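Participant: Here it is: the structure, laid out below.
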Amino acid sequence: MDYRSSYPLILQLVSRGIDIFLATAGIVVLFLIFTNAVLRGAAGFDLAWSLEVTAFLLLWLTFLGCAAAASRGAHMRVTELVEHLVPDRAKPFLEFAISLVVLVLLLTLIQHGHNIVLHTWAQKTTVLYWPVGLLYASMPIGMALTLLFHLYNMYLDIRRARGARTIGPNNDNDHDWEDYE
């Protein structure tokens, strides 16, 4: 389920900014790899700096892509077991428990990523002399943005679950799911 239409303006802007970065960086990576392959094949040399830029962009694409997927509710799930083995009344509690596990995982990744950045910031890359910590900063920043989207998604899911409990054939409440987005 795509959550973005239910986000406040600031989260929508952050999500759009991430999408723009992902599209732009993806095109740059393709261009650099293609150009480097052509130069290596046709001219016998390559652009050494392009390998570092590509590595940086690929890491940032990976972790910011995680945040983009979280804003869309598009992370992969295996739902067959839950659908067939878990009673309907227990499903919201299971979803909440899974969300809590994801929260703990994201917080752990942010903490460890921050430690890695601190320990590698003084190191420099071999060609561009950029801080290696900048490369590793993609993890805590990407996971922090993922956490931000995940927390708001949890909030929206809780609101929807509360609204769904009041909706039914015996209630005068004629709201539907869109009222809670």
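The values are calculated or read from the model by the stated rules, or taken from the named source; none is laboratory data. All values derive from a computational prediction rather than experimental measurement. Neighbour counts are summed over all protein chains in view; Cβ atoms, including those assigned to glycine, are modelled from backbone coordinates with ideal geometry.
Participant: Residues being polar (S, T, N, Q) and touching a residue at least 60 places away in the same chain (Cβ under 8 Å): count how many of those fall in segment 51-82.
Facilitator: Total satisfying the criteria: 2.
Participant: Can you find a residue in segment 61-70 that is touching an Asp or Glu at 6+ places or on another chain (Cβ under 7 Å), small (Gly, Ala, Ser), surrounded by 16 or more Cβ atoms within 10 Å (Cβ to Cβ) and part of a helix (DSSP H, G or I)?
Facilitator: yes
Participant: Further question on the same structure: If the requirement is being farther than 20 Å from residue 128 by Cβ, modelled with pLDDT of 95 or more and not hydroxyl-bearing (Ser, Thr, Tyr), which of these qualifies: 43, 25, 67?
Facilitator: Exactly one of 43, 25, 67 is farther than 20 Å from residue 128 by Cβ, modelled with pLDDT of 95 or more and not hydroxyl-bearing (Ser, Thr, Tyr), namely 67.
Participant: Of these, 98, 167, 116, which one is under 15 Å from residue 73 (Cα atoms) and either out of contact with any Leu (no Cβ under 9 Å at 6 or more places or on another chain) or at pLDDT below 95 (or both)?
Facilitator: 98 is the lone residue from the list that is under 15 Å from residue 73 (Cα atoms) and either out of contact with any Leu (no Cβ under 9 Å at 6 or more places or on another chain) or at pLDDT below 95 (or both).
Participant: Cβ-Cβ below 7 Å, separation at least six or inter-chain, first residue in segment 93-122 and touching a residue at least 40 places away in the same chain (Cβ under 8 Å), second acidic (Asp, Glu) and surrounded by 14 or more Cβ atoms within 10 Å (Cβ to Cβ): which pairs?
Facilitator: 95/157
Participant: Is it the case that segment 16-34 has a residue that's outside any helix (DSSP H, G or I) and of a type in the set (Gly, Ala, Ser)?
Facilitator: No, the conditions are met nowhere in segment 16-34.
Participant: Can you confirm whether segment 76-84 contains a residue that is of a type in the set (A, V, I, L, M, F, W, C), surrounded by 13 or more Cβ atoms within 10 Å (Cβ to Cβ) and modelled with pLDDT of 95 or more?
Facilitator: No; the residues of segment 76-84 include none that is of a type in the set (A, V, I, L, M, F, W, C), surrounded by 13 or more Cβ atoms within 10 Å (Cβ to Cβ) and modelled with pLDDT of 95 or more.
Participant: Let me ask you something else. Here are some conditions: (1) in contact with a Leu (Cβ under 8 Å, 6 or more places away or on another chain); (2) in contact (Cβ under 8 Å) with a residue 24 or more places away in the chain; (3) surrounded by fewer than 16 Cβ atoms within 10 Å (Cβ to Cβ). Residue 6 meets all but one. Which one does it not meet?
Facilitator: Result: residue 6 passes all but (3).
Participant: For residues that are assigned to a loop (DSSP other than H, G, I, E, B) and of a type in the set (Gly, Ala, Ser), scanning just segment 113-149, find the one that is nearest to residue 61 (Cα to Cα).
Facilitator: The selected residue is 137.
Participant: So residue 161 ticks every box in (1) more than 15 Å from the chain's Cα centre (by Cα); (2) without any contact (Cβ under 8 Å) to a residue 60 or more places away in the chain but one. Which box is left unticked?
Facilitator: Only one criterion in (1) more than 15 Å from the chain's Cα centre (by Cα); (2) without any contact (Cβ under 8 Å) to a residue 60 or more places away in the chain is unmet by residue 161, namely (2).
Participant: Taking segment 9-25 only, how many residues are small (Gly, Ala, Ser) and touching a residue at least 24 places away in the same chain (Cβ under 8 Å)?
Facilitator: 2
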